[in-house]
Amino acid sequence: MATTLGALGMRCPNCGRAEALDVEALVWVRLTLYGTDPSLCQGDSHQWDETNAARCGVCCWEGTIRELQEVQPREGGDDALSNASSMPRFSCPAGHVEGLRESHQLHVWYPVDAVTGEADYTVDLSDLGPSDVDEEVVSDCYFYCPTCNDSFPELVEISAASGKQSMG
């Protein structure tokens, strides 16, 4: 969808991004026993025009489709948009973005040898299946910044408009 919106020249007027634009549309859906399904309808059509509501899933801007169409191309064309897409959105509380890590403590069930009664700790963790991890015991996550050499409970969102940070 980002390619289609980019081809239509639609970009968020606040952050300039095209890959997370939502537009309000009139859509035909088939009513089913389990809810609705637009893929079952004949014609598979939807309708919207420049007066419909629009919003950006990246920076939370809200407005109309007309405002999306009025955005001028960025200097440098699509390369500028690609560079903006790779800009960090989150940091540690001190503002560092390099090498951030997320951690969880989990309860893992290793196979036990029935003859010796010993757990086989040589099993590669990538060989374990979902049933080997007890999701009831998974802890809340925490983050680690190697620059600060410290852990913290949540990342900080970097505001695209001001360059300042806000807790997210």
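One decimal place: the segment GLU19-THR64 gains 14.6 nm when fully extended, by the rule 0.36 nm per residue minus the C-alpha distance.
Ordering 96-103, 55-62 by mean Cβ neighbour count within 10 Å, with the highest value first, yields 55-62, 96-103. Modelled spin labels at GLU98 and SER39, positioned 7 Å past Cα toward Cβ, are 4.5 nm from each other.
Laboratory data are not the source of any read-out in this text; all were calculated from the coordinates shown. Fair warning: this is a prediction, and the values are worked out from it, not measured in the lab. Because the Cβ atoms are built from the backbone with ideal geometry, glycine has one as well, and the counts that use them run over all protein chains shown.
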